[in-house]
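Below is one structure, written out as structure tokens; comments come after it.
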Amino acid sequence: MTLFPLPPSGMGEFKVHRVRFFNYVPSGIRCVAYNNQSNRLAVSRTDGTVEIYNLSANYFQEKFFPGHESRATEALCWAKGQRLFSAGLNGEIIEYDLQALNIKYAIDAFGGPIWSMAVSPCGSQLLVGCEDGSVKLFQITPDKIQFERNFDRQKSRILSLSWHPSGTHIAAGSIDYISVFDVKSGSAVHKMLVDRQYMGVSKRKCIIWGVAFLSDGTVISVDSAGKVQFWDSATGTLVKNHLIANADVQSIAVSDQEDSFVVGTAEGTVFHFQLVSVTSNSSEKQWVRTKPFQHHTHDVRAVAHSPTALISGGTDTHLVIRPLMEKVEVKNYDAALRKITFPHRRLISCSKKRHLLLFQFAHHLELWRLGSTVATGKNGDTLPLSKDADHLLHLKTKGPENIICSCISPCGSWIAYSTTSRFFLYRLNYENDNLSLQRVSKMPAFLRSALQILFSEDSTKLFVASNQGSLHIIRLLEGSFKHLHTFQPQSGTVESMCLLAVSPDGNWLAASGTSAGVHVYNIKHLKLHCTVPAYNFPVTALAIAPNTNNLVIAHSDQQVFEYSIPDKQYTEWSRTIQKQGFHYLWLQRDTPITHISFHPKRPMHILLHDAYMFCIIDKSLPLPNDKTLLYNPLPPTNESDVIRRRTAHAFKMSKIYKPLLFMDLLDERTLVAVERPLDDIIAQLPPPIKKKKFGT
């Protein structure tokens, strides 16, 4: 426990519970797929989770599909009309419903495990490469996909696929060879054997991990012998060979203009190749390896190439976006390298009354009681605990589905969580040091696939946002429940509600969907009260202030709005800050605000945090302009109050705690901060490939 000094705001100091026992390890990244039309990136992880990032909205993770133990995704791609497909080792092709945020359907390809998949250039056909050596062609219809035919079966599994931009031929990578197929006939027209030599030694097998078919007929392959090779598909001959790694080259992605491509290796290195003129006045061009990047510690299993950036991901769980500086027009946050490690949604909830934290993992929940101290000290001191933190409960889910969301009630007596097919509610009873758990039976089926769960401040009501756009209100009774009301989605839309906020007095419920809109409901009269004017960027966090019932909304572009629910309009403070604008350093932050809360005794204060800073906005103080120091240091303590106020501005920021997954007030003098240091995550990953250092 630490005493945390706050910059001058008349707020004194906090005791901070610094929590580092949330043993969260994200799943590794298996596939990435970039959609140029919508500027979105789909990412699949080793536990079957699929995430959608909106690159135009400050790289915000706006949607996700929960994982499943039987879904080991090996391929991911976008089709015409912004439709998303995946395939994997269970042999199924899956299409995702991006509105309702569930799986539309799953079809067995009947070729055993699927290792690769590619959509035709026109976006209307889908190819999959299977364990049994078959390449299967599917027609993408408006509602589904339909099997069309098989291509000539090969002797080994099809590990990679790529269409020629004309749609007439495909390249397929197997073990030891690459096949070129004629799409019309389904016959193999060339088979190109790959050299098994690896660092001068003949390997048993050479695995073709990736292929890319260019307009001029060149096929680029990457393989397990550390090579990038260029082939002439018309003659089936090797044109050029680059040995770039002492380990597998596992992934490749080419830019739309075909003037650059990126590859990822098992050593954690990403290489960028560019097509450049041989001499300054020559029209002849050649591929040159220009830049190696070492932003990963482990295998780079997947790469993508957007118009302005190289994107990579792998075993170390980081999604890395490396901007191509020559392509970035405006030097703002798009010009900065980013590493996205943590989900942009909350995995932690808190019972302030009992000082409990509920941690959400893929297949279990953990309940902890915070430690306590009787010691005192001065600012910055670490205080010894008189009672250690206590692990009270380990609640494991049954079945293969990942937990979507979870919550503990403010009083600490209820825990709720949801998977795709089931909703669970538990009553907790505390007797001395004993905790007993009672499951509430016969929960209604319409609660399953909940995207967000929230309890009212007095713990008498439960609010559940379904993936079909409905909002359900449940009254909690002693060990049972009663369904009170369901708010249906507006005007027949099926927009999933991802964020909820309830007012402390229990009268108002705010809900934000996957688009930028926020709806406010009157819980007393069970009707829609108002809709906050739409904004171009998605909502990342929202909360309703006590007493005033002002709704504070944070968006992915780092704008913060304050909206008066009773008056149905933006507050004067919100209008002022929009007129003046936020400090440029505030707008350049690259992680979204994930939590907003309020001080019970100081109505002018808004508390919020992202992964790398905690901030108190004091609305009574002037706003900082771009010439002001945003991260203002503490003025000398011997300065008079007048001078301290004159040099102060509204934003009090601290970067002591990071990466910060959760921060909230337990009471007016106590904060809880949950950190997850990156070194702790890396320590739990399998060891990376050891590189031989020169001279050893």
Nonlocal amide H pairs with HIS164, under 5 Å, H built at 1.01 Å: HIS169, ILE170, ALA171
How much accessible area does VAL239 have with a 1.4 Å probe, in Å² rounded to the nearest 10? 100
Which of the aspartates and glutamates could be linked to LYS619 by a straight reach, that is with a Cα gap under 17 Å, when you skip same-chain ones fewer than 8 residues away? GLU562, GLU572
Under 22 Å from the Cα of LYS285, which lysines turn up, not counting those fewer than eight places away in the same chain? LYS227, LYS240, LYS327
Keeping every protein chain in place, order PHE85, PHE64 by accessible area at 1.4 Å, biggest value first, i.e. largest first. PHE64, PHE85
Long-range amide H contacts for TYR631: which residues qualify at under 5 Å (H placed 1.01 Å from N, peptide plane, sequence gap of 5 or more or a different chain)? none
Mean separation of Cα pairs under 8 Å and 6+ residues apart, divided by the residue count of the chain: what relative contact order is that in percent? 9
Computed FRET efficiency, Cβ-Cβ of ASP132 and GLN37, R0 41 Å: what is it to the nearest 0.05? 0.75
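Skip the ligands, DNA and RNA, and give the accessible area per residue of the range 195-291 with a 1.4 Å probe, whole Å².
Details: 4300 Å² over 97 residues.
For the range 195-291, the solvent-accessible area averages 44 Å² per residue.
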Calculated from the structure, Cα extents along the principal axes in Å equals which of (i) 121, 53, 43; (ii) 102, 59, 57; (iii) 79, 60, 49? (iii)
Give me the accessible area of TYR631, 1.4 Å probe, in Å² rounded to the nearest 10. 80
The alpha-carbon pair-distance distribution computed for the range 464-600, with 10 angstrom bins and whole-percent values, is 11, 41, 34, 12, 2, 0
Computed accessible area, ILE244, all protein chains, 1.4 angstrom probe, square angstrom: 20
So, R0 is 30 Å and r is the distance between the beta-carbons of HIS364 and ILE107; what FRET efficiency does that work out to, to 0.05? 0.45
Would you pull out the residues with amide H under 5 Å of LYS291's amide H, same chain only if 5 or more places away, H placed 1.01 Å from N? HIS272
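Once a ≥ b ≥ c are taken as the square roots of the eigenvalues of the Cα gyration tensor of the range 526-571, is the result rounded (a/c under 1.5), prolate (a/b larger than b/c) or oblate (a/b not larger than b/c)?
Prolate is the answer for the range 526-571, as a/c is 1.5 or above and a/b outweighs b/c.
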Checking the table LYS627/LYS658; LYS63/LYS398; LYS191/LYS339; LYS352/LYS461; LYS601/LYS627 against a 28 Å threshold on Cα-Cα, which pairs fail? LYS191/LYS339; LYS601/LYS627
Calculate for the chain the 222 nm mean residue ellipticity that helices alone would give, adding -39,500 (n - 2.57) per DSSP H run of length 4 or more and normalising by residue count, nearest 500 deg cm²/dmol. -1000 deg cm²/dmol
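Keeping all protein chains in place and using 1.4 angstrom, which order do ASP458, ASP152 fall into by accessible surface area, from largest down?
On the way: ASP458 100, ASP152 65 Å².
Greatest to least solvent exposure: ASP458, ASP152.
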Straight distance only, please: which aspartates and glutamates reach the Cα of LYS205 with their own Cα at less than 15 Å, same-chain residues fewer than 8 apart left out? ASP176, ASP195, ASP223, ASP248
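The values are calculated or read from the model by the stated rules, or taken from the named source; none is laboratory data. These figures come from a predicted structure and were not determined experimentally. Quick reminder, even Gly has a Cβ in these numbers, built from the backbone with ideal geometry, and neighbours come from all protein chains shown. Areas reflect the complete protein model, heavy atoms only, side chains present, ligands, DNA and RNA absent. Shrake-Rupley method; radii C 1.70, N 1.55, O 1.52, S 1.80 Å.
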